[in-house]
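Have a look at the structure below, then the notes.
The values are calculated or read from the model by the stated rules, or taken from the named source; none is laboratory data. Keep in mind that this is a model prediction, so the values were computed, not measured. With ideal geometry, Cβ positions are generated from the backbone for all residues, glycine too; neighbour counts draw on all protein chains shown. Heavy atoms of the whole protein, side chains included, go into the accessibility calculation; ligands, DNA and RNA do not. Shrake-Rupley method; radii C 1.70, N 1.55, O 1.52, S 1.80 Å.
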Amino acid sequence: MPRRKKPVPLLKQPGSTAELRQALTRRKKAELVDVLMELAQGDRGVLRKLTARFEVTTAPDDLIAATHQAIADATDFDEREINRNFDYDDEAYSTVKRNLDRLIDSGQLRPAMSLALELMKQGSYQVEMSDEGLMTEEIEDCLNVVVKALRTCDLPAAEMIAWCSAMLEKDRVGFLASEPLQSLRNHFQKTAPR
């Protein structure tokens, strides 16, 4: 069972959430928005949750920056816990996947490819430093969003072959999404003009 960074559940206290709900319903909308913004600015996890929950439309440059940050958060670990099954931020990985998908849907395929390279570099290092690589599936899910989009794109075959090769080279453990990347590279090698 993977260990992930999850909030520690509150001990059930009778009426505690009911009382909070009552207090919140007595507040004005503007005050609640201010509190949510304050919480989001103080905690990237809260910001990611609110952005996803309310399907906030983000400009491509902001989406790219948010994805860089989500990759950094997802692949972060305490170096004192090397060779252990350390906690990791699976919600940040979900954000990376969602943002890559949004970038691709908005026609930003090359930035998504660049972010996938960054994720491969940082993510494979995280897997290498962990005991059992529990975050492998999350990383591959993110990378496969880009690989799937590239199968049907109209970018030059030489660019696709170079990207697949760079991805495979950046993989420090030698198995992250290696099969779909090799398959994609082979596909473009066969279709590339000679």
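Computed quantities for the displayed model
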read-out	value
Accessible carbon and sulfur surface of the chain relative to its total accessible area, %, 1.4 Å	51
Aspartates and glutamates whose Cα lies under 19 Å from that of Lys148, excluding same-chain neighbours fewer than 8 positions away	Asp101, Asp105, Glu118, Glu137, Glu138, Glu140, Glu159, Asp171, Glu179
Under 15 Å, Cβ to Cβ, from Gly107 - net charge with Lys/Arg +1 and Asp/Glu -1	-2
Extension gain (nm, one decimal) between Ser183 and Phe54, 0.36 nm per residue minus Cα-Cα	42.8 nm
Crossing angle, helix 29-42 versus the chain [Cα axis fit, 0-90 degrees, rounded to tens]	50
Neighbour cut-off at most 13 other Cβ (10 Å), DSSP loop, GluC sites (Glu not before Pro), region 17-109	Glu55
Trypsin sites (Lys or Arg not before Pro) within region 104-175, DSSP loop, no more than 11 other Cβ atoms inside 10 Å	none
Dipole of the chain, positive end: most advanced residue of Ala112, Ala177, Met37 [Cβ charges, Cα centre]	Met37
Dipole magnitude (debye, nearest 20) for the chain, charges at Cβ of Lys, Arg, Asp, Glu	580
Region 117-175: GluC sites (Glu not before Pro) in DSSP loop, at most 12 other beta carbons within 10 Å	Glu132
Label point distance in nm, Asp76-Lys148, each placed 7 Å from Cα along Cα→Cβ	2.9
Difference of contour (0.36 nm per residue) and Cα-Cα distance, Glu128 to Leu24	32.9 nm
R0 of 35 Å, Cβ-Cβ distance Glu31-Glu118: FRET efficiency to nearest 0.05	0.35
Percent RCO, i.e. relative contact order, over region 141-194, from Cα pairs under 8 Å lying at least 6 residues apart	47
Length-normalised contact order for the chain - Cα pairs under 8 Å, 6+ apart - percent	20
For the chain, calculated [θ]222 nm from helices alone, where every DSSP H run of n ≥ 4 adds -39500 (n - 2.57)	-22000 deg cm²/dmol
Unit charges on C-beta of K, R, D, E only; dipole of region 31-119, Debye	360
For region 95-136, size of Cβ-based charge dipole, Lys and Arg +1, Asp and Glu -1, in debye	280
Probe 1.4 Å, protein heavy atoms only - accessible area per residue of the chain in square angstrom	64
Subset of Lys97/Lys170; Lys29/Lys97; Lys49/Lys170; Lys28/Lys49 violating a 27 Å alpha-carbon distance limit	Lys29/Lys97; Lys49/Lys170
Overall form of region 98-194 per C-alpha gyration tensor (a/c, 1.5; a/b vs b/c)	oblate
Amide hydrogen neighbours beyond the local backbone of Arg84, cut-off 5 Å, H modeled	Asp131
